[in-house]
1. Might you let me know whether the range 154-169 holds any residue that is under 18 Å from the mean Cα position of the chain (by Cα), within 16 Å of the ligand (Cβ to nearest atom) and at pLDDT below 95?
2. If residue 292 satisfies all but one of (1) within 16 Å of the ligand (Cβ to nearest atom); (2) more than 23 Å from residue 215 (Cβ to Cβ); (3) among the acidic types (Asp, Glu), what's the number of the condition it fails?
3. Which condition number does residue 37 fail, the rest of (1) modelled with pLDDT under 95; (2) part of a loop (DSSP other than H, G, I, E, B) being met?
4. Give me the residue from the range 57-99 that is more than 16 Å from the ligand (Cβ to nearest atom) and closer than 28 Å to residue 215 by Cα and, out of that set, modelled with the lowest pLDDT.
5. Just the residues that are without any contact (Cβ under 8 Å) to a residue 12 or more places away in the chain and among the aromatic types (Phe, Trp, Tyr), please, taken from the range 120-178.
6. Between 259, 272, which is part of a loop (DSSP other than H, G, I, E, B) and either over 20 Å from residue 129 (Cβ atoms) or out of contact with any helix residue (DSSP H, G or I) (no Cβ under 7 Å at 6 or more places or on another chain) (or both)?
7. When residues of the range 202-222 are filtered for being under 25 Å from residue 148 (Cβ atoms) and crowded, with 16+ Cβ neighbours inside 10 Å, how many remain?
8. Return the residues of the range 100-148 that are more than 15 Å from the ligand (Cβ to nearest atom), touching a helix residue (DSSP H, G or I) at 6+ places or on another chain (Cβ under 7 Å) and at pLDDT 95 or above; say none if nothing qualifies.
Amino acid sequence: MSANTAQTVIHNYFRNPTPGYGFECIYSVSPATKVTESVSTQELYADLAHSGMVVYRDFGDGLQEFNDFVSAHSSKVTFDPARTASTANTAEINAGLLEMGLHRENGNLPFNPDLQWFYCLEEARVGSETTMCDGQRVLFDLSPATRRLFENNRIKYARRIPWANVRRFLSVELQLPFEQITDEHLQQVNDMVEGQTYRRIDQNLIYTELKTSAIVRSCFSKRLSFCNSMLGPSVNYEPPRITWENGEDIAMDIWDEIKDVTARNTYDHFWKKGDIVVIDNSRVMHGRRKLEDTGRRIFGAQSYRLEGAL
Ligand SMILES: [Fe+2]
C-alpha cells in the first residue's frame, strides 16, 4: 500500500495498560459500544493469557448484558454460595466493611473457578478499591529459598463449615439439586479431588481440609503463579488454619515475606460505574480495601472457561 492510500483505522476502543502492573485496560470511545457485542472469547482469553486481568471501561453494558457476557464466554457459571443471586449468573457482593485479603476465589475449596468476573453498578466516592495481584510476578519476586519451599511443599487449609453451606457449594459444583446432596457426595468429592478430605462432625458441621500447592499453573498463560488463598478472608465462614501439608506451622518470616511481596505487586482498582473486570483465577489474586462508601454496588460471578477457545 502506498503512502497516499494508507488510512488510519478507526477503532471503537483502545488499550491503556495499568502503568507499573501491566493489567489490560480497554477503553471505549463511545458509550454506544458494548463489550457484549465487541469482544470474542478468543480475544478475551488472549488478553487474559497476556495480562491476567482485563478491565473494560466506558462501554455501555448494563447488569443484564454483563450477565450475558459471562454466559457467552463460560462453559459453566457458579457463584459463591454465601451470597444471594441477583441475575441468573451474577450476585451482588456483600462482604462486610473490613479490608479483604488477597485470595484466589474458592482457593481453599475443592473446586476453583477459572474466571472471576466483576461489574460495577454504582461506584464509590472514596476508597473501597478492589485489589489485584499478579501471582506470576509474585513468584518471580519471592526469594529463591521461599520459592523452593513452596515448590517442594504443599500447604493445608483446615476448617469447619456448616453442612448447609457445603451442600449449597456441592449442589452448584456437581450440578445437582440442593436436597439431593448427601454424605455420599462428600465421599465422592474426597475420591475425586486429590488432597481434599470432608468429614462429618455432627448434623450441623463438616470438617474440611485441602492439601494443595500454593503455586499453580495458569490455565490461560500456562505459566506458574503464586496463586492461593493464604492471605484470604473468611467473611462468611470460620477462618481456615493454614499450615504446611504435614501440619507444621509456616514460619512467621515466610508469612511476612508473602505479605511484603504481594503488597508491592498489588494494584488498586478504583471503580467507575459500568466497569467490567475479568480475572484469571488461576493466576491473579484479588481482594478489597476497607469499604468506605456503602453506596458502592459491585456484582460478581465465577465460571469455568470454554475449552479449546485459546
Ligand atoms: Fe473473592
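The values are calculated or read from the model by the stated rules, or taken from the named source; none is laboratory data. Owing to the predicted nature of the structure, the values given are computational and were not obtained by experimental measurement. Using ideal geometry, Cβ is built from the backbone for each residue, glycine included, and neighbour counts are taken over all protein chains shown.
1. yes
2. (1)
3. Evaluating residue 37 over (1) modelled with pLDDT under 95; (2) part of a loop (DSSP other than H, G, I, E, B) leaves (2) as the failure.
4. Filtering first and then ranking leaves 76.
5. Selection gives 140, 178.
6. Values: 259 fails: part of a loop (DSSP other than H, G, I, E, B).
Going through 259, 272 in turn, just one is part of a loop (DSSP other than H, G, I, E, B) and either over 20 Å from residue 129 (Cβ atoms) or out of contact with any helix residue (DSSP H, G or I) (no Cβ under 7 Å at 6 or more places or on another chain) (or both): 272.
7. Residues that pass the stated criteria total 11.
8. Scanning the range 100-148 gives 110, 138, 139, 141, 142, 143, 146, 147.
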